[in-house]
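Trainee: The structure's right below; bear with me while I get my questions together.
The values are calculated or read from the model by the stated rules, or taken from the named source; none is laboratory data. Owing to the predicted nature of the structure, the values given are computational and were not obtained by experimental measurement. With ideal geometry, Cβ positions are generated from the backbone for all residues, glycine too; neighbour counts draw on all protein chains shown.
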Amino acid sequence: MFDLHVLGTSGSRPTKNRSVSGNYLSTPHGNLIIDCGEGFQDRLVKHELDLKKNPIGIRARISKIKVILLTHSHLDHCWGLLPLLKTMQLDGRAKPLTIIAPSTIEAIEWAENNYGDSIPSNSNINPSDFALLFREWRTHIENTSSKNIFKINWLLIPILGNNLHNLINQPIKGIKLTAIPTNHTIVSVAWFIESTENSDRRVLISGDTKYNVPGFKEEILNNPIDVLIHEATFTHELSEKAGEHGHSTSLEAGKVASDVNAKVLGMVHFSPRITDFKEIEKESRINHQKSFVCNDGDIFCVSNNGKISFLRKSQNSWHEHNMQ
Ligand SMILES: [Zn+2]
Ligand SMILES: [Zn+2]
């Protein structure tokens, strides 16, 4: 049903064993990427090669990607996008692709009418807003002599307060995508992904955020979440720092998992200064027992009937982790 591959678990910059943010989700109707930090395509290619060598019946092919969802424009979440698009072009991709990212009405209008001018100092437009980045990236991708230009639908969603944003035209039949505004230092969203045919399965990916997102409530999301991927940049000891930088602690990640009634919590986006990952799980389990520190390459499999298995990666292969 859903296979969710966690391909980057470090916050802000890569470490020896962890890369920055990026996830691959396969669904029966088409596959998605959620965030695409620096070096993402390289990781995905290596991950797919390891999957090919291991007969676990799961794959993560670049050619199957239909949609790329971005949570916010910090580099550790989006800087791998342009090289990935270039590779798709070089591979002769013909199928269209949809890329969706949050922005603001002000930035979208500015990019439409004044792109290239200096942004007035009295405006609230962030110079790295996706409305401006998309213009830049399109120039690179469309500036080619190649005849193989696949169609890209660049979609900006204007985030307004805390309102959940339901896409009017869903890009994948049988899958409903909803952007939930989060509380970070720039405009940012979480992505809520639901299956709508045959079964009602649901995953939620937080992106970067402080605790206390109004949309992260069971009564707003209506039903339990199968898998919540939530950032846990720091432990509670650095809760003040987490708040200042628009991030959550592991204690708070566990609270969110309990608030949205998640069956399983996978934690990601750890500060490079964290060395004690047992402490991360200990803290989150105060509020949510089924909380796990994710490593790069881990996979959550959600079956049609809601059974969840957690495949942990070690030494280029996977084993099922006992979640009891
Ligand atoms: Zn980040
Ligand atoms: Zn960020």
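Trainee: How many residues are farther than 24 Å from S10 by Cβ and either in contact with a strand residue (DSSP E or B) (Cβ under 6 Å, 6 or more places away or on another chain) or within 16 Å of ligand 1 (Cβ to nearest atom) (or both) if we restrict to region 196-220?
Mentor: Total satisfying the criteria: 4.
Trainee: Checking the conditions here, which among L221, L311 is within 30 Å of L49 (Cβ to Cβ), of a type outside the set (K, R) and crowded, with 17+ Cβ neighbours inside 10 Å?
Mentor: Unique residue meeting the criteria: L311.
Trainee: Here's something else I'd like to know. Could you count how many residues in region 80-137 are touching a strand residue (DSSP E or B) at 6+ places or on another chain (Cβ under 8 Å) and exposed (fewer than 15 other Cβ atoms within 10 Å of the Cβ)?
Mentor: 3
Trainee: Go through region 265-289 and report how many residues are closer than 13 Å to T233 by Cβ, exposed (fewer than 15 other Cβ atoms within 10 Å of the Cβ) and touching a helix residue (DSSP H, G or I) at 6+ places or on another chain (Cβ under 9 Å).
Mentor: Counting residues in region 265-289 that are closer than 13 Å to T233 by Cβ, exposed (fewer than 15 other Cβ atoms within 10 Å of the Cβ) and touching a helix residue (DSSP H, G or I) at 6+ places or on another chain (Cβ under 9 Å) gives 1.
Trainee: Another question, then. Considering only residues of region 244-274 that are part of a helix (DSSP H, G or I) and within 15 Å of N183 (Cβ to Cβ), which is nearest to ligand 2 (Cβ to nearest atom)?
Mentor: E244
Trainee: Considering only residues that are away from ligand 2 (no atom under 16 Å from the Cβ) and touching a residue at least 40 places away in the same chain (Cβ under 8 Å), which ones fall in region 66-86?
Mentor: Result: K66, V67, L82, P83, L84, L85, K86.
Trainee: Could you look through region 25-37, keep only residues that are of a type in the set (A, V, I, L, M, F, W, C) and either at pLDDT below 95 or under 19 Å from I175 (Cα atoms) (or both), and pick out the one that is nearest to ligand 2 (Cβ to nearest atom)?
Mentor: I34
Trainee: Taking region 194-212, which residues are within 16 Å of ligand 2 (Cβ to nearest atom) and assigned to a loop (DSSP other than H, G, I, E, B)?
Mentor: S206, G207, D208, T209, K210, Y211
Trainee: Of everything in region 44-81, what is away from ligand 1 (no atom under 16 Å from the Cβ) and in contact with an Asp or Glu (Cβ under 8 Å, 6 or more places away or on another chain)? Give them in sequence order.
Mentor: I58, R59, A60, R61, I62, S63
Trainee: Another question, if that's okay. Being away from ligand 2 (no atom under 16 Å from the Cβ), outside any loop (DSSP other than H, G, I, E, B) and at negative phi is the requirement here; does G215 meet it?
Mentor: Here the answer is no, as G215 does not meet what is asked.
Per-residue answers, yes or no, for (1) under 30 Å from I56 (Cα atoms); (2) small (G, A, S); (3) at pLDDT 95 or above:
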| residue | (1), (2), (3) |
| --- | --- |
| N222 | no, no, no |
| E240 | no, no, yes |
| S271 | no, yes, yes |
| V293 | yes, no, yes |
| D296 | yes, no, yes |
| R312 | yes, no, yes |
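Trainee: Among the β-branched types (V, I, T) and under 18 Å from L7 (Cβ atoms): does that describe T87?
Mentor: Taking the combined requirement at face value, the residue satisfies it.
Trainee: For Q41, only one of the following conditions fails: (1) within 29 Å of P158 (Cα to Cα); (2) out of contact with any Lys or Arg (no Cβ under 7 Å at 6 or more places or on another chain); (3) within 16 Å of ligand 1 (Cβ to nearest atom); (4) of a type in the set (S, T, N, Q). What is its number?
Mentor: (3)
Trainee: Okay, next question. Which numbered condition trips up K241, out of (1) part of a helix (DSSP H, G or I); (2) surrounded by fewer than 23 Cβ atoms within 10 Å (Cβ to Cβ); (3) within 21 Å of the chain's Cα centre (by Cα); (4) within 16 Å of ligand 2 (Cβ to nearest atom)?
Mentor: Among (1) part of a helix (DSSP H, G or I); (2) surrounded by fewer than 23 Cβ atoms within 10 Å (Cβ to Cβ); (3) within 21 Å of the chain's Cα centre (by Cα); (4) within 16 Å of ligand 2 (Cβ to nearest atom), the lone unmet condition for K241 is (3).
Trainee: Still on this structure: Just to confirm my filter: which helices (runs of 4 or more DSSP H) fall fully inside region 72-144 and include at least 1 residues that are among the basic types (K, R) and in contact with a Phe, Trp or Tyr (Cβ under 7 Å, 6 or more places away or on another chain)?
Mentor: The qualifying helices (runs of 4 or more DSSP H) are 130-142.
Trainee: Please verify whether region 38-48 includes one or more residues that are within 16 Å of ligand 2 (Cβ to nearest atom) and assigned to a strand (DSSP E or B).
Mentor: No, because not a single residue in region 38-48 is within 16 Å of ligand 2 (Cβ to nearest atom) and assigned to a strand (DSSP E or B).
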